[in-house]
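Computed from the coordinates by the stated procedures, all read-outs in this text should not be read as laboratory data. Quantities reported herein were computed from a predicted structural model and do not represent experimental measurements. Using ideal geometry, Cβ is built from the backbone for each residue, glycine included, and neighbour counts are taken over all protein chains shown.
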Amino acid sequence: MRTQGWQALPLNEVCGNVYQDKMKKLHARLNCDSTKELSDLVGRDFAKEDTENLYRLPTIIRLANSLTKMPCSIVSVNQEK
């Protein structure tokens, strides 16, 4: 998101469950130091969701491969670094 011009939304501007402003490209999750505070504010466990999403990466990559016809894997990405 940062490479696309998004910036961190200050926590004092989070209202209810709204923690992003797409028009202004502001998102509260861009500051990883405030994840716990944001979780408390909106009532979601973002740390748990992030962990679950990591386990979904192989499935996401397989789906992307089938849609784009461009073979990619976690192993090949790690080897390029």
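For Asn17 and Asn53, a Förster radius of 22 Å and the Cβ-Cβ distance give a FRET efficiency of 0.70, rounded to the nearest 0.05.
The angle separating the long axis of helix 46-68 from the principal Cα axis of greatest extent in the chain is about 40 degrees. Considering only Val14, Met1, Pro71, and ranking their Cα positions along the charge dipole of the chain that arises from unit charges at the beta-carbon of Lys, Arg, Asp and Glu, the one farthest toward the positive end is Pro71.
Among Asp50, Asp33, a tally of other beta-carbon atoms within 10 Å of each Cβ gives an order, fewest to most, of Asp33, Asp50.
Of all aspartates and glutamates in the structure, the ones whose alpha carbon falls short of 16 Å from that of Lys48, not counting any fewer than 8 places away in one chain, are Asp33, Glu37, Asp40.
Residues of segment 14-45 with backbone nitrogen within less than 12 Å of a virtual label 7 Å along the Cα-to-Cβ line of Gln7, please, listed as ranges. Counting backbone N atoms under 12 Å from the label point, the list is 24-27. When Thr3, Thr68 are arranged by Cβ crowding within 10 Å, least crowded first, meaning fewest neighbours, the order is Thr3, Thr68. Our note on the geometry: Cα centres of segment 11-34 and segment 56-71, 29 Å apart.
The relative contact order of the chain, computed from alpha carbon pairs under 8 Å that lie at least 6 residues apart in sequence, is 18 percent. Checking [x] 84; [y] 137; [z] 173 against the coordinates, the calculated volume of the Cα convex hull per residue in Å³ falls under label [y].
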